[in-house]
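Colleague: Mind looking over this structure? Questions follow.
The values are calculated or read from the model by the stated rules, or taken from the named source; none is laboratory data. Given the structure is predicted, the values throughout are model-derived calculations rather than measurements. Heads up, the Cβs are rebuilt from the backbone with ideal geometry, glycines too, and the neighbour counts pull from every protein chain shown.
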Amino acid sequence: MPRFRYIAMPLSGGDREEIVIEADTPSEALGKLRGRAMVPLSFLGEDGTGNDKRLFCAHADGYEFTSQLAPLLSANIPLERALAIIVESAQDSRLRELASSLRQGLHEGKRFSDLIRSCGETFPPFYANLIETGEETGCLPEVAEELRRFMAESRELKDFMISSSIYPCVVLGVTVIVVILLFTVFVPRFANIFSDMGRSQPPSMVFLQTASTIMLHACWIVPLTLLGVWSYLRMRYGMARIRYWRSLLAVRLPVFGPIITELEMGRFIRTLGILISNHVEIIRTVRIAVKVINNQVIRGSFDRLEGRLRGGEKLSAALSGNPFMPPGLASRIRVGEETGAVGMMLDRSAGHMEEGTRRKIKRILSMFEPMVIVFLAVVVLVVVVSIFMAIMEINSIE
């Protein structure tokens, strides 16, 4: 979203200051500026990329910061004092630097939401917008607690996926190492026995030797081939088209495609729920929520959503035709619109989707482990049987 820079002065009097307003149009930026009881004195320009001076936020943990800030604000501790407490008590030096930078920005007269926005990827895309809403409505403690809960649930899902993948990845890694050692070390040494004896290799050893030769050459042929194909596609079609194809492939994968879609839609629905629950304007809500979707194909399916809402349609009707929406969600949103509980309905739906995604991931991983073990057993069995047949043939010749 573009950012507009102004030199402005408070209506009640005081020193002039530089203010950055995030808005879609200059008129909307002026409206927000006047909503802050500020008089614009001069326009400094538009920053479409948002690459203004950033705070020291390198690798700081946004969730840890929020989990410490939210309880302090809920205890009616002023924001500046809460940041000072975090600086004094934080064990992580990066967290102390982040809190100290934010506190210094407050001392300079900057808004907390603008400071959060200048931290880049330390916080989720919608974080600063929710903080700004909390500042304007006086509900910053409630907003901070909602953000803490959202980030905790997101981290829990991420940690579940990582922890569930550790054992299958270890099993797969061991399998790959064993297979490589079998065909690149053990098989060639055993094949040399026939050369030393001056005898031709039996068919079983010819098969193993061929597989070993292919594996030895594939170690450098396959990477070079993939690099060549990647370079050709990049030069001919460009990175934008390649990213689109990658997104299209991701949603069409037989087993993992539905899981990827559910993860993206779960993040989108939960973001919608948080923003609506905190009374963010609906057009701005969907604009922010769509940005959290990483897959280009799924994100592109919402291109007409904002226009349909501007045309007077309700959210349930505007979302009903989307092919990636979970079945029945539009009906639940319609019920929420009738009862005034759209945010709560979306939040519960996102939680239900994440729980279903966890079950699917666990089921796939539980199937993956025995499949890898069976594959390793089959490979070892083939090698052992081939070597046994070769030994039997040597004995029969003697």
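Colleague: Hey, does segment 281-295 have a residue that's under 24 Å from GLU306 (Cα atoms), in contact with a Ser or Thr (Cβ under 6 Å, 6 or more places away or on another chain) and crowded, with 19+ Cβ neighbours inside 10 Å? Steps first, answer last, please.
Modeller: Pass one, segment 281-295, residues under 24 Å from GLU306 (Cα atoms): 281-295.
Subset that is in contact with a Ser or Thr (Cβ under 6 Å, 6 or more places away or on another chain): 289, 292, 295.
Adding the requirement that they be crowded, with 19+ Cβ neighbours inside 10 Å leaves 289, 295.
Yes, segment 281-295 contains a residue that is under 24 Å from GLU306 (Cα atoms), in contact with a Ser or Thr (Cβ under 6 Å, 6 or more places away or on another chain) and crowded, with 19+ Cβ neighbours inside 10 Å.
Colleague: What are the pairs, 6+ residues apart or on separate chains, where a residue within segment 67-89 that is free of Cβ contacts under 8 Å to residues at least 60 places away in the same chain has its Cβ under 8 Å from a residue that is in a helix (DSSP H, G or I) and β-branched (Val, Ile, Thr)?
Modeller: Qualifying pairs under 8 Å: GLN68/ILE86; LEU72/ILE85; LEU72/ILE86; ILE77/ILE85.
Colleague: Here's a follow-up. Please specify each residue of segment 135-145 satisfying the condition of being assigned to a helix (DSSP H, G or I) and at pLDDT below 80.
Modeller: Of segment 135-145, the ones assigned to a helix (DSSP H, G or I) are 135-137, 140-145.
Passing the criteria: GLU136, THR137.
Colleague: Just one of PHE186, PHE256, PHE207, PHE194 is more than 14 Å from ALA390 (Cβ to Cβ) and either β-branched (Val, Ile, Thr) or in the same structural domain as VAL385 (by TED's automatic domain parsing) (or both); which is it? Before the answer, list the steps.
Modeller: On the way: PHE186 fails: more than 14 Å from ALA390 (Cβ to Cβ); PHE207 fails: more than 14 Å from ALA390 (Cβ to Cβ); PHE194 fails: more than 14 Å from ALA390 (Cβ to Cβ).
Of the residues listed, the single one that is more than 14 Å from ALA390 (Cβ to Cβ) and either β-branched (Val, Ile, Thr) or in the same structural domain as VAL385 (by TED's automatic domain parsing) (or both) is PHE256.
Colleague: Right, another one. Being in the same structural domain as GLU264 (by TED's automatic domain parsing) and exposed (fewer than 13 other Cβ atoms within 10 Å of the Cβ) is true for just one of VAL382, VAL378. Which residue is that?
Modeller: Working: VAL382 fails: exposed (fewer than 13 other Cβ atoms within 10 Å of the Cβ).
None of the others qualify; the one that does is VAL378.
Colleague: Now for a different question. Just one of (1) assigned to a helix (DSSP H, G or I); (2) within 23 Å of LEU329 (Cα to Cα) trips up MET205, so point out which.
Modeller: Here MET205 meets the rest and fails (2).
Colleague: Right, here's the next one. Could you check ARG236 against (1) surrounded by 12 or more Cβ atoms within 10 Å (Cβ to Cβ); (2) over 27 Å from ASP159 (Cα atoms) and say which number it fails?
Modeller: ARG236 satisfies every listed condition except (1).
Colleague: In addition: So, SER101, is that one among the polar types (S, T, N, Q) and free of Cβ contacts under 8 Å to residues at least 60 places away in the same chain or not? Full working, then the answer.
Modeller: Working: among the polar types (S, T, N, Q): yes; free of Cβ contacts under 8 Å to residues at least 60 places away in the same chain: yes.
Yes.
Colleague: Select from segment 187-208 the residues that are out of contact with any helix residue (DSSP H, G or I) (no Cβ under 7 Å at 6 or more places or on another chain) and either acidic (Asp, Glu) or closer than 14 Å to LEU381 by Cα (or both) and list them in ascending order.
Modeller: Within segment 187-208, just ASP196 meets the criteria.
Colleague: Also, I was wondering about something else. So if I check each of SER212, SER163, SER200, which one is assigned to a helix (DSSP H, G or I), surrounded by fewer than 11 Cβ atoms within 10 Å (Cβ to Cβ) and of a type in the set (S, T, N, Q)?
Modeller: Numbers: SER212 fails: surrounded by fewer than 11 Cβ atoms within 10 Å (Cβ to Cβ); SER200 fails: assigned to a helix (DSSP H, G or I).
Within the list SER212, SER163, SER200, the selection yields SER163.
Colleague: Let me ask something else. Which residue out of VAL187, VAL179 is in a helix (DSSP H, G or I), surrounded by 14 or more Cβ atoms within 10 Å (Cβ to Cβ) and under 38 Å from the mean Cα position of the chain (by Cα)? Outline the logic, then answer.
Modeller: Values: VAL187 fails: under 38 Å from the mean Cα position of the chain (by Cα).
Going through VAL187, VAL179 in turn, the sole match is VAL179.
Colleague: Considering ILE274, ILE269, which residue is surrounded by 14 or more Cβ atoms within 10 Å (Cβ to Cβ), at pLDDT 85 or above, among the aliphatic types (A, V, I, L, M) and under 25 Å from the mean Cα position of the chain (by Cα)?
Modeller: Only one candidate passes the filter, namely ILE269.
Colleague: Which of the helices (runs of 4 or more DSSP H) found entirely inside segment 78-128 contain at least 3 residues meeting this: of a type in the set (Ser, Thr, Tyr)? Walk me through how you get there before you give the answer.
Modeller: Details: elements: 79-89, 93-107, 112-117.
Hits in segment 78-128: 93-107.
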